[in-house]
1. Got a sec? Which of ASN248, ASN227 is over 18 Å from the mean Cα position of the chain (by Cα) and either modelled with pLDDT of 95 or more or in a helix (DSSP H, G or I) (or both)?
2. Let me confirm something: among ALA316, ALA259, which residue is within 29 Å of ARG236 (Cβ to Cβ) and under 35 Å from the mean Cα position of the chain (by Cα)?
3. Among the listed residues LEU210, LEU234, LEU205, LEU254, identify the single one that is more than 22 Å from LEU152 (Cα to Cα) and assigned to a helix (DSSP H, G or I).
4. So, in segment 54-78, exactly how many residues are surrounded by fewer than 13 Cβ atoms within 10 Å (Cβ to Cβ) and over 30 Å from ARG240 (Cβ atoms)?
5. Just checking, which of LEU137, LEU132, LEU175, LEU146 is closer than 29 Å to ARG212 by Cβ, modelled with pLDDT of 90 or more and part of a helix (DSSP H, G or I)?
6. Filter segment 72-104 down to the residues that are modelled with pLDDT under 85 and not in a helix (DSSP H, G or I) and list them by number.
7. Which residues, counting only those in segment 298-311, are more than 20 Å from GLN235 (Cα to Cα) and polar (S, T, N, Q)?
8. Looking at (1) surrounded by 12 or more Cβ atoms within 10 Å (Cβ to Cβ); (2) aliphatic (A, V, I, L, M); (3) not in a helix (DSSP H, G or I), which is the only condition MET274 fails?
Amino acid sequence: MPRPARPPLLHSLALVALVLVAGMAAGCRKTPPSDPRYRPSENVLEVIAVLRRHIPDDTYRFEAARDFSGRNVYRASLIRLENLERVHEDALRAGHMDGVIAFSKARALERIRGFELAAKFYRRAAELEESLALDSLRGAAACETLEEAAALGFDLGRPAQPGDAEAPRDPEGVLDAFEIRLALLDALESDHFGDHYRAVIREELERTDLARARYFVASRRVLPDGNVRALGELQRVIVRHRESKNANRHLLELGDLYAELATEYVAAHPPESMAFDPSTFQDLVDAASRLYEAVANQDGTSEKLEAARRLEAFLAFTLRVDRDRFSR
């Protein structure tokens, strides 16, 4: 015998009751705890512990460590310390952690080239925390020398600051300024052989050599034998900094200069003209191609794809030239 149909009103009420019961059951479930790695820093010591772990890192040979968010660990630690100071201002009012925080900020700042500010925090830490005074004064002296050296020479990537001395205009004056800068850094390196400053100083030596090379690359059209000098300076960077994490970038920069010279040669000597010398052009092409290939063949590097694309574009340019060039 068939069951009697349920009245429409009762059917609707039953559905509503089921939905409410299901919602209450879902609401009673506890939210699973978040991964500890992604929680905000809870105290100053947590941030300092992470920073201290990465102070000995060789950032000259290897990329700086990154935190879970992908940011540079030194910059991230500095930001977190400043945030904790704001959030826990009342708890830190007694000042028991001021010396330690200032010292940690200095350690982070010197790794992101904030040498002047790092020296100030070191000197503040030396005044506030007697146990850190010796290391703080040593760090302050190192950062002040690094800041002094960074202000010397002709650095195309450094914006002019009020009070800066006028950059020398002649090549010899530029070289003299760079030699003084290198001498300061070499002397500082001998004083800090074996500690974490060695990586920082070697990074500054690399920046000095690269700034010097880029000056001659930028000036090559107005200097006698400018192209030869520019090539030689970039080769000098490659030889002196083979162990650097930026070694592949230095190779790419030299390859770019050879490719630019090849392009300029074609512009000055059209392939269909009698002034075009196939062997001179081929020498430039071979040099640029070898450098691009050397980087493109290195697996596991971030520059691999970049070098492959540059090589592809450069070879497309050479194929266009080959259509009109004369063969001997």
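The values are calculated or read from the model by the stated rules, or taken from the named source; none is laboratory data. In this text, all values refer to a predicted model and were calculated from it rather than measured experimentally. No Cβ is skipped: glycine too gets one built from the backbone with ideal geometry, and neighbour counts run over all protein chains shown.
1. So the residue among ASN248, ASN227 that is over 18 Å from the mean Cα position of the chain (by Cα) and either modelled with pLDDT of 95 or more or in a helix (DSSP H, G or I) (or both) is ASN227.
2. Matching residue, one of ALA316, ALA259: ALA259.
3. LEU254
4. Total meeting the criteria: 3.
5. LEU146
6. The answer is HIS88, GLU89, ASP90, ALA91, LEU92, ARG93, ALA94, GLY95, HIS96, MET97.
7. Once the filter is applied, which keeps residues that are more than 20 Å from GLN235 (Cα to Cα) and polar (S, T, N, Q), segment 298-311 yields THR301, SER302.
8. If we test MET274 against (1) surrounded by 12 or more Cβ atoms within 10 Å (Cβ to Cβ); (2) aliphatic (A, V, I, L, M); (3) not in a helix (DSSP H, G or I), just (1) comes out false.
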